[in-house]
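Asker: Input: one structure, supplied below.
The values are calculated or read from the model by the stated rules, or taken from the named source; none is laboratory data. Computed from a prediction, not measured in an experiment: that's the story for all the values here. All Cβ positions, even for glycine, are placed from backbone atoms using ideal geometry, and neighbour counts span all protein chains on display.
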Amino acid sequence: MSKPVILTGLRANNDLHIGNYFGALLPLIDMAKKHAGKYQINLFVPDLHSFTTPVDHSKLYEQTMHNLKLFVAAGLPLDNPDVHLYRQSFISAHSELTLILNCFTGFGEMSRMTQFKDKSATLGDDRVSVGLFDYPVLMAADILLYSAEYVPVGDDQSQHIEITRDLGMRINNQFGELFTLPRTVKEQHKFFGKDQGLRIKDLVDPTKKMSKSDESGRGIVFLGDDPKAAAKKIMSATTDSLSSVNLDYKKQPGISNLLQIHALFSGESLETVAKHHKNKASYGDLKKEVAEEVEAFLADFQTKLKNVDESALMAKLETSENAMNEVANTTLAKVQKAVGLRG
Ligand code: TYM
């Protein structure tokens, strides 16, 4: 029996931030560390997804390699044979399956994707690419090729997990059981020990999510930020004038976001952290505690980053990309046969 697959990808169009770290990377790495042997762990850079919105192409490859190092610094065990680390574009089956899946995907259902609507609203009409529109289908191919059941992602990607299930089910209904479907979003949360999806907010505008495509970077804590500068970003995070700490995302989005970040760094539950600070009139203590945690975390993380063994990383990529080409091509061949491309 093959082991259940846990899979996630993080785009490399910029450095990763703490939202990416806590939303997707850490849950997967925790599983790789705590349950080695029980699951197969796939972590990849979806480099083809990176330029669905405009990027500096001269820096993309370098950024991809840098982000792979971030994964290792975050604790991905390279010596575990059940862990696979790869770059999406090195496995051409991702692109081929996407083209096939496209023909089973409705224009209407893609138009309803919240991420597409949000992202296209911030770009001018002529900068909204077909690639951006098709982004969830490529993501579905990333998941279905490897029969991944568990996909740790932040809340913003939940809709894409659902569409992956819809597409997989549609094709299974028409052609027989070709794909293993990822679990429902609710089951994913249960598996990763959460009651809901994570969405860390921007520090300057806590009504929107922390996003690596935000150009100013003032509201974002990047994993590569100078630790002291990051602590300052926390100290100057937007709060409110209510003078009472409460976990209330509607009335106090900035404070609630800081409580959430505090809980993640301290490893305590959000309820415990919120209870501890409840009704305090000054926001200074909360900010200071979070700033200290962020500073200490980044200093430690960056030391680990400097010590990443690059030759071990390159060797792992080579082994994983060979192995994953085999897995992905086997799935693709079944689909090609089913849809009439092979005899
Ligand atoms: P990406 O690269 O935008 O983000 C990587 C992961 O970080 C999560 N995330 C957040 N989580 C909490 N709070 C935030 N503020 C925050 N911002 C981002 C995202 O939800 C994501 O899990 N489409 C994906 C990449 C992808 C993928 C896949 C993921 C491509 N193929 C297959 C899983 C499986 C994306 O753009 O994530």
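Asker: Looking for whichever is modelled with pLDDT under 95 and of a type in the set (D, E) here; the options are D166, D226, D126, D142. Which one fits?
Answerer: D126
Asker: While we're looking at this one, here's another question. Go through the range 248-269 and count every residue that is buried (at least 18 other Cβ atoms within 10 Å of the Cβ) and either at pLDDT below 95 or part of a loop (DSSP other than H, G, I, E, B) (or both).
Answerer: 1
Asker: To continue, here is another question. Please determine whether any residue of the range 73-91 is under 18 Å from V151 (Cβ atoms), over 13 Å from the mean Cα position of the chain (by Cα) and without any contact (Cβ under 8 Å) to a residue 12 or more places away in the chain.
Answerer: No: zero hits.
Asker: Considering the range 179-209 alone, what residues qualify as being of a type in the set (D, E) and within 11 Å of the ligand (Cβ to nearest atom)?
Answerer: D202
Asker: How about the range 15-41: which of its residues are more than 20 Å from Q196 (Cα to Cα), in contact with a helix residue (DSSP H, G or I) (Cβ under 9 Å, 6 or more places away or on another chain) and more than 9 Å from the ligand (Cβ to nearest atom)?
Answerer: D15, K38, Y39, I41
Asker: Determine, yes or no, whether I220 is crowded, with 22+ Cβ neighbours inside 10 Å, within 13 Å of the ligand (Cβ to nearest atom), outside any strand (DSSP E or B) and not aromatic (F, W, Y).
Answerer: Yes: the conditions hold for I220.
Asker: Then there is this: If S50 meets every condition in (1) near the ligand (Cβ under 9 Å from one of its atoms); (2) within 18 Å of V151 (Cα to Cα); (3) free of Cβ contacts under 8 Å to residues at least 60 places away in the same chain apart from one, which number is that one?
Answerer: (2)
Asker: For L7, state whether it is within 15 Å of the ligand (Cβ to nearest atom), out of contact with any Ser or Thr (no Cβ under 6 Å at 6 or more places or on another chain) and modelled with pLDDT of 95 or more.
Answerer: yes
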